Number of protein chains: 2
Amino acid sequence: MSSVQDVNPRVRRIRTPVGLQSLAARITEQLSQGGQKPFQKVTDVSSGDPHRAGMPPLSFVRQVLAVCLYPELLGEDSLPLDVRQRAQKLLEACNGGSIGSYSPSSCGIPQIQKSVAEFITRRDAGIPSDPENIVLCSGSQKVLSLVLHLLSRGEGLTQTGVLIPLPCPHTLPMLLDEEGLTPLPYRLLEDQGWALEPDQLHGALRAARGRCEPRAIYISNPGNPTGHVQDRKTIREVIRFASSEGLVLLVEEVFQDSVFGRDKTFLSYKKVLFEMGEPYSDTVELVSLHSISTARMGECGLRGGYMEVVNIDPDVQQALKNMQAPSSPPILPQLALEVMVNPPAPGDPSEKEYTQEILRMDDILAQNARRACEFLNDLPGVSCQPAMAGLFLYPRLNLPAQMLEEAEALGVEADVLFCQRFLEEERVCFGPGCENGHDRNDLHVR
Amino acid sequence: MSSVQDVNPRVRRIRTPVGLQSLAARITEQLSQGGQKPFQKVTDVSSGDPHRAGMPPLSFVRQVLAVCLYPELLGEDSLPLDVRQRAQKLLEACNGGSIGSYSPSSCGIPQIQKSVAEFITRRDAGIPSDPENIVLCSGSQKVLSLVLHLLSRGEGLTQTGVLIPLPCPHTLPMLLDEEGLTPLPYRLLEDQGWALEPDQLHGALRAARGRCEPRAIYISNPGNPTGHVQDRKTIREVIRFASSEGLVLLVEEVFQDSVFGRDKTFLSYKKVLFEMGEPYSDTVELVSLHSISTARMGECGLRGGYMEVVNIDPDVQQALKNMQAPSSPPILPQLALEVMVNPPAPGDPSEKEYTQEILRMDDILAQNARRACEFLNDLPGVSCQPAMAGLFLYPRLNLPAQMLEEAEALGVEADVLFCQRFLEEERVCFGPGCENGHDRNDLHVR
């Protein structure tokens, strides 16, 4: 590896992040060393990280995990009884009764796979979920990269292509790079609140001809970074499209618990798929992702998530397990996931506080999204669609010609230059829309 | 992915684990449902998992992490002051003061990279370590798979080959499968306590001719599963070999804190490399791995580790960072790592208890290794080299002809059959030596 020419060509293909985080870190460092600066600290809103932004964690979650880590707290009367009972139950599910042991299986702790399956069944009005189809993993990005790795094959014209939304989550292009997959963008309609228009899917597929072999379609619902919530009609059309084109459906549903748009409800792809019945319900290959890094839990630092696989061949599921085998998933995020899918029940000592915390968080989220959107729309050169869910807003920028020319001269994207300036002047770190797939003719920030 | 033929051929190549864990889980399930069984539970010794085996965690580590998770405990007077001070300091290093935020960088929390570099400098008698060369990651297996992925290139004759010890850690073959790397085994000498004999390296390299292009050599020191501790002379010879053949040195040094063999000391490859001076010290590419899943910490369930890279081209390091970028490393294992490299100092309130716990654990480990070895050597058909470090023993089996024939007839490896029978009859789960690279002519278990 004496030079980068000697490393895996796939790794060389991964784009280098634009580096705003390093700039933010440098500015934070300068601020900590004093000096004349208008603001005391940098506010980074680029990554959807609620706790970083000051949202408090859910007490019940943290209490249970603290007891699991330090079981001497099982006898601590100042902690609610249901916290200690839950911790006891979770510890019993761990090998050797300790969170320090390896996960019993490469797909996670069986009792927690079961809890997740029961949660999904409740969520989807009784449509059954099989614990064997639940894979617990260290975060939804990791889950996604496992599935993308599974899908990666072929070279040149036979290489796997994946339909992805434009805009897409900002980490997705790097994951595709890493697996050597060709992104096939389908444009979301900004003036319709970033709705998915099925015609765009057909267009993306046509554009793939002679370039690669499309094998999957990636959906983010509720949308990251758009905040759009898909309706039943759209989901049915996407499923029919995936079915007729033989595409695997990869659905990131991480913001399912944070829908605040009026008259909007989260509908899972799984539920709609089973409502549609045969031949869809027993043929369309669906992978659905969820995570503890959601708006409510916000436990991004723990790295936990799951996928549910539906209509996936048993041998392919075995291959997936084999991929996971050498490195078992971490325990604590699995326990956090269990608490997420099984919050305190009515009558439990922690239920009242838990519900209050959730309601307060939902309120803050909805209010912030509305206020920030109003604020942005009042700025000259900025227009923003209202978000209906999730943690992001994705405003459009109409930058002055002077700034566009300057970016051109500096050889950087105009949205990156805008973000750099905004960070230096206002100490707020946005994410440039080029990371979400938009180009210089279509400038946005998140 | 309608069949396994449709998935990434690299994934298809990953071997399916032999499945003793599933058998162990089934037996555990049966035992929990009652019935006439001679033993109450299954003892699984196949994976080097101290907490599963009943070793207690280090109190200081768990106390600090519990406070970080639930900062209300900062005011809990029953916890030692240094626990709360350490937790406070660690929380300040987290974004937003919360373990729920994403890691500040894809290589980890900068303050913890610095702590690790200082630990390495102390360990290696002042040979400097640069925090920029420390990559924090979710476990040493994950670190290793990152580096193997980086090294993976070429097809057929130009495909990357990696020299690996025989026996090797049982997870290594799966990691090589996944990256499409060709294993080039060099035989460790059992009758010399599993010592590494440099002639074997040359032999492995010769055997690679016409098969692949060797690009790295993997070393496990202290050895997994052998418990062997390399001496300075051997390490120097390996370094000279790597240098003359232009191989990247990948050194897993996870058991560095658990050497109990008389007159044996752990020497890091980094230290010996720098003692040797130029041209070695500024040319040999070295990647050294360490983990919190060691004998003393035993925090296998948290999944934390680091690598230090030495003499690696800056562009290659950037490529490594790009690989990590989409999914930031989890926070809690980083904090556990910080505590591991900075245990309570003399005079701190927790120091006495911490030292007692460590000494007790070291004692148990050394005693168990000695007793188990004596016991094994007293069994008919079993011979075992004494271990000098780590968590494994690796006895040789001389199975009766009848069992060998039965295995042949059943189409399973004889060591797997032995492990199955032992598990069914004695409720103890060994790992078969075929997972460590040995074949039917050389039967072992770990």
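The values are calculated or read from the model by the stated rules, or taken from the named source; none is laboratory data. Bear in mind the structure is a predicted one, so any value in this text is a computation, not a measurement. Every residue, glycine as well, gets a Cβ built from its backbone with ideal geometry; the counts of neighbours run over all protein chains shown. These area figures cover heavy atoms from the full protein model, side chains too; ligands, DNA and RNA do not enter into them. Shrake-Rupley method; radii C 1.70, N 1.55, O 1.52, S 1.80 Å.
Quick check on the protein assembly as shown: of the DSSP beta bridges with both residues there, what percent are antiparallel, nearest 5%? The answer is about 45 percent antiparallel. Sorted shortest first, the separations between the A:E237 label point and its copies elsewhere in the assembly read 7.2 nm; each point sits 7 Å from Cα along the Cα-to-Cβ line. Among beta bridges from DSSP that stay inside the range A:82-234, the antiparallel ones total about 10%. Backbone geometry of the range B:40-52 corresponds, through the Karplus equation with coefficients 6.51, -1.76 and 1.60 at θ = phi - 60°, to 3J(HN,Hα) couplings of 7, 8, 8, 9, 9, 10, 7, 10, x, 10, x, 5, 4 Hz, x marking Gly and Pro.
Measuring from the axis that maps chain A onto chain B, the chain A residue with the nearest beta carbon and its rounded distance in angstrom come out as A:A66, 2.
Close amide-amide hydrogen proximity is noted between B:R153 and B:T160, each under 5 Å apart and 5 or more residues distant or on a separate chain (H modeled in the peptide plane; Pro and chain starts excluded). Sorted from closest to farthest, the other copies place their B:G75 label points 2.4 nm away, with each point set 7 Å from Cα along Cα→Cβ. Looking at chain A alone, DSSP beta bridges between its own residues are antiparallel in about 45 percent of cases.
Quick one: which bits of the range A:323-355 get at least 40 Å² less accessible when the partner protein chains are in, versus the chain alone, with a 1.4 Å probe? By number: A:M323, A:P326, A:S327, A:P330. The GNM of chain B, with springs linking C-alpha atoms under 10 angstrom apart, assigns the highest mean-square fluctuation among B:L399, B:L20, B:L410 to B:L410.
If you wrap the Cα atoms of the range B:59-99 in a convex hull and average its projected area over all directions, you get 2.5 nm².
Interface residues of the range A:96-112, defined as those with an accessible-area decrease of at least 40 Å² between the chain by itself and the complete set of protein chains (probe 1.4 Å), are A:G100, A:Y102. The phi torsions of the range B:373-387, fed into the Karplus equation with coefficients 6.51, -1.76 and 1.60 and a -60° offset, translate into couplings of 5, 4, 4, 5, 5, 7, 7, x, x, 10, 9, 9, 6, x, 8 Hz, rounded to whole numbers, with Gly and Pro shown as x.
The dipole here belongs to chain B: it is taken about the Cα centre, uses +1 on the Cβ of Lys and Arg and -1 on the Cβ of Asp and Glu, and is about 200 debye.
Sorted from shortest to longest, the distances between the A:E351 label points of this copy and the other copies are 5.1 nm, with each point 7 Å from Cα along the line through the beta carbon. A 1.4 Å probe run over the range A:110-341, with the rest of the protein chains in place, finds 31 Å² accessible per residue. A dipole drawn for the range A:110-341 from +1 and -1 charges on Cβ atoms has a positive end, and of A:L189, A:L176, A:H290 the residue lying farthest that way is A:L189.
What's the carbon and sulfur percent of the protein assembly as shown's accessible surface, probe 1.4 angstrom, rounded to a whole number?
49 percent
Modelled spin labels at B:Q159 and A:E425, positioned 7 Å past Cα toward Cβ, are 5.6 nm from each other. Taken one residue at a time, the phi angles of the range A:432-439 give Karplus couplings (6.51, -1.76, 1.60, θ = phi - 60°) of x, x, 5, 5, 8, x, 7, 9 Hz. Gly and Pro are set to x. Remark on A:V412: its backbone amide H falls under 5 Å from none of the residues 5 or more positions apart or on other chains, H modelled at 1.01 Å from N. Its Cα centre serving as origin, the protein assembly as shown has a Cβ charge dipole (Lys and Arg +1, Asp and Glu -1) of approximately 120 debye. Build a GNM of chain A with springs between Cα atoms under 10 Å: which of A:M307, A:M403, A:M340 gets the top mean-square fluctuation? Between A:M307, A:M403, A:M340, it is A:M403 that shows the largest mean-square fluctuation. Largest GNM mean-square fluctuation across B:A125, B:A325, B:A66, computed for chain B with C-alpha springs under 10 Å, falls on B:A125. Note on the protein assembly as shown: Rg/Rh from C-alpha atoms, Kirkwood Rh, equals 0.95. The mean number of Cβ atoms from other chains found within 10 Å of a Cβ in peptide B:62-75 is 6, as a whole number.
Over both sides of the B-A contact, add up the buried accessible area with a 1.4 Å probe and give it to the nearest 100 Å².
That pair hides around 6200 Å² of surface in total.
Taking Lys and Arg as +1 and Asp and Glu as -1, the other residues whose beta-carbon sits under 15 Å from that of A:S258 total -2.
Amide H contacts for B:V248 (H built 1.01 Å from N in the peptide plane; partners 5 or more residues away or on another chain; cut-off under 5 Å): B:A216, B:I217.
The contact residues of the range A:294-309, meaning those that lose at least 50 Å² of 1.4 Å-probe accessible area when all protein chains sit together rather than their chain alone, are A:G301, A:R303. What you get for the range A:4-139, charging only the Cβ of Lys and Arg (+1) and of Asp and Glu (-1), is a dipole of about 660 debye around the Cα centre.
Report, in deg cm²/dmol and to the nearest 500, the calculated mean residue ellipticity at 222 nm for chain B, where each DSSP H run with n ≥ 4 adds -39500 (n - 2.57) and the sum is divided by the residue count.
Helix-only estimate at 222 nm: -12500 deg cm²/dmol.
Greater than 26 Å separation of Cα atoms is the criterion. Which listed pairs, A:K142/A:K271; B:K264/B:K321; A:K89/A:K264, meet it?
B:K264/B:K321; A:K89/A:K264
Projected onto planes of every orientation and averaged, the convex hull of the alpha-carbon atoms in chain A covers 24.6 nm².
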